[in-house]
Amino acid sequence: SPFTRTSLFLYIFGLQLDKIITPSLDADKIVIADSYWYKFVAKMKVSNQGDKLLMESFESLSKPDKIIFIDTSPEIAYQRKTTFNHFEANGKADNFIPFQRLIRNEILKIIKIQNSHLRLFRKTQIL
């Protein structure tokens, strides 16, 4: 259920915060996190499983100083993949491209709501 997935993810993310992220930041280390919580919440919202509790829970988490978003088109990502799981394609490989477009748009909305500093890279740019 959406509540179970949200609870489990919050638990796992809480452990990462408590055991890895917060101690590293306290030691003045740089922390790089792949997709943070944004991708999970975007997938839940796109799948109509996001609710107020979900957003309030995740929005209360610490906000990154900077976000680097490497904007690869779903078409290119599709060409690179050899297998697809349920959560990448909303159940079917044929849904991968439209589902990933929706997720991308939702992630960008979440980042904007969070007022995070975003650096967007297109596939033709060098990091």
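The values are calculated or read from the model by the stated rules, or taken from the named source; none is laboratory data. Keep in mind that what you see is a predicted model, and the values were worked out from it rather than measured. Don't worry about glycine lacking a Cβ; one is built from the backbone with ideal geometry, like all the others, and counts go over all protein chains shown. Remember, those area values only see protein heavy atoms, side chains included, never the ligands or the DNA or RNA. Shrake-Rupley method; radii C 1.70, N 1.55, O 1.52, S 1.80 Å.
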Pair list, Cβ < 9 Å and 6+ apart or interchain, from the stretch 74-87 residues that are over 20 Å from Asn105 (Cα atoms) to residues that are open to solvent by less than 90 Å² (accessible area, probe 1.4 Å) and charged (D, E, K, R): Lys81/Glu88
Among the residues of the stretch 57-73, what is the count of those that are in a helix (DSSP H, G or I) and within 13 Å of Ile110 (Cα to Cα)? 2
Which numbered condition trips up Arg101, out of (1) on the phi < 0 side of the Ramachandran plot; (2) in contact with a Pro (Cβ under 9 Å, 6 or more places away or on another chain); (3) open to solvent by less than 100 Å² (accessible area, probe 1.4 Å)? (3)
Only residues that are closer than 19 Å to Leu15 by Cα, β-branched (Val, Ile, Thr) and free of Cβ contacts under 8 Å to residues at least 60 places away in the same chain: list them for the stretch 28-73, please. Ile30, Val31, Ile32
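Conditions tested, residue by residue: (1) at pLDDT 80 or above; (2) under 30 Å from Thr22 (Cβ atoms); (3) over 12 Å from the mean Cα position of the chain (by Cα).
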position: Ser35; (1), (2), (3): no, yes, no
position: Ala42; (1), (2), (3): yes, yes, no
position: Gly50; (1), (2), (3): no, yes, yes
position: Leu54; (1), (2), (3): no, yes, yes
position: Asp65; (1), (2), (3): yes, yes, yes
position: Ser73; (1), (2), (3): yes, no, yes
Here is a list of conditions, (1) open to solvent by 80 Å² or more (accessible area, probe 1.4 Å); (2) over 19 Å from Thr6 (Cα atoms), and Ala93 meets all of them except one; can you say which number that is? (1)
Just a yes or no: is a residue in the stretch 43-56 among the small types (Gly, Ala, Ser), open to solvent by less than 40 Å² (accessible area, probe 1.4 Å) and in a helix (DSSP H, G or I)? no
